[in-house]
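Throughout, read-outs are computed from the coordinates displayed, never taken from laboratory work. Predicted model only: the values in this text are computed from it and were never measured. Here Cβ is always computed from backbone atoms with ideal geometry, including for glycine, and neighbour counts include all displayed protein chains.
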Amino acid sequence: MKKQYFYKYYLLAGLLIYGCNKPAPTELIQDSQTTDDAAQVEVITKNINDQSYSNGYDSTGVADSLIGHANIIYVSGIKITSKEGTLNTSLAEAIFFDKSKPVKVGGLLIGYRTITPGIIQFNTHRARLIPLRVRIRNSTADTSLGLMYYLYSGKRMLVDPFQYEYNSNIDFQFNPLIGSNVNFKIPTPPEITGNIIVEGKRNNNLKVILEWSHPVPELQIEIIIGAVVRTNRNIFPLYRVKTKDDGKFLIPVNLINQIPTDRFNKIAITLIRKYEKYENNGGNRNDIYILSQSVHTIIIDSP
């Protein structure tokens, strides 16, 4: 059971690798070899030599730490494509933090204790309570922050009835132990399905053209470029690219070709189309962060 849950808990530990709340460097680039779209590129992982950490972004679509938010509701439809085929999963989570109870390891803040103040449902399906664990870099142990609300469906041992519905709404209901019920709808973006065209060789002239379905030009999409560690299959999210959701993009060749082949034998490209907003909860303004996304990760075997 632990294996099923553990892969997504790294999202809160992103702070431990990404630099103690320091913003990652960002630059605006214009690649003459691609479309006319400008793209904003952000460095996510600063030290690719540290192979002991992976935040599971391919499974969750979350490459950032969400530690700065008081409360989180996260729903996602996820596809992971490799040479074995495509795995489809749906996730729904809700996490409530008690900011008066920080958790530190070696003097470093890794999160806050969680609370479970009532019953939560997604599309009338009651969420289960499971441990929220954070694994610390260079450690084989993990630290529990308490319990979180969780629903999952996909090709794994335990499957919940929850299904992420694209281009629609998910009904969220919170029945607190004290106080009035909270109900609202979480909008979901159109499903995104990617396709890649690969030319050339890595560390030389590798060229990756990314195409995707149902473009929404008035929106932006995120493309996360990651690398798969040879020894343990962990995936490092290396760069985030933000560009127009117009259906096609050439990955900047310098980003792809500078990924070392001796340590990383595969490349992971993740497409993310998302909606995010804040919701009022019982009088506290903007205290629930809501993230709803369509995610497609494609694993590229080293050409």
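Based on the mean of other beta carbon atoms within 10 Å per residue, what is the order of 161-171, 288-298, 73-83, most packed first? Could you put the intermediate results ahead of the total?
On the way: 161-171: 15.6, 288-298: 22.8, 73-83: 20.2.
Those peptides, ordered most packed to least, come out 288-298, 73-83, 161-171.
Phi-derived couplings, Karplus 6.51 cos²θ - 1.76 cosθ + 1.60 at θ = phi - 60°, listed residue by residue for the range 233-247: 6, 5, 10, 8, x, 9, 9, 10, 10, 10, 8, 5, 7, 10, x Hz, with x used for Gly and Pro. Between Tyr275 and Asp287, the modelled labels are 2.4 nm apart [label points 7 Å from Cα along Cα→Cβ]. Estimated from the Cβ-Cβ distance and a Förster radius of 41 angstrom, the FRET efficiency linking Val198 and Ser144 is about 0.50.
For Gly77, what is the net charge nearby, where nearby means another residue's Cβ is under 9 Å from its Cβ and Lys, Arg count +1, Asp, Glu -1? Working shown, then result.
On the way: positive: Lys79; negative: Glu165, Glu191.
The answer is -1.
Working from label points 7 Å from Cα in the Cα-to-Cβ sense, the Glu211 to Thr86 distance is 1.4 nm. With both labels modelled 7 Å from their Cα along Cα-to-Cβ, the Gln40 to Asp262 distance reads 3.6 nm.
Taking amide H as placed 1.01 Å from N in the peptide plane, the amide H of Ser168 sits under 5 Å from that of Thr188, each at least 5 places away or on another chain.
Give me the number: length gained by fully extending Ile115 to Lys155, i.e. 0.36 nm times residue separation minus the C-alpha to C-alpha distance, one decimal in nm.
Numbers: separation 40, 0.36 × 40 = 14.40 nm, distance 2.93 nm.
Additional length available on full extension: 11.5 nm.
How about the range 187-282: which chymotrypsin sites (Phe, Trp or Tyr not before Pro) there are in a DSSP loop, with at most 16 other Cβ atoms within 10 Å of their Cβ? Write out the running numbers ahead of the final one.
On the way: sites: Trp212, Tyr239, Phe249, Phe264, Tyr275, Tyr278; in loops: none.
Qualifying residues, ordered by number: none.
Amide H contacts of Leu219 (H built 1.01 Å from N, in plane; Pro and chain starts excluded): Asp245 sit under 5 Å, all sequence-distant by 5 or more or on other chains.
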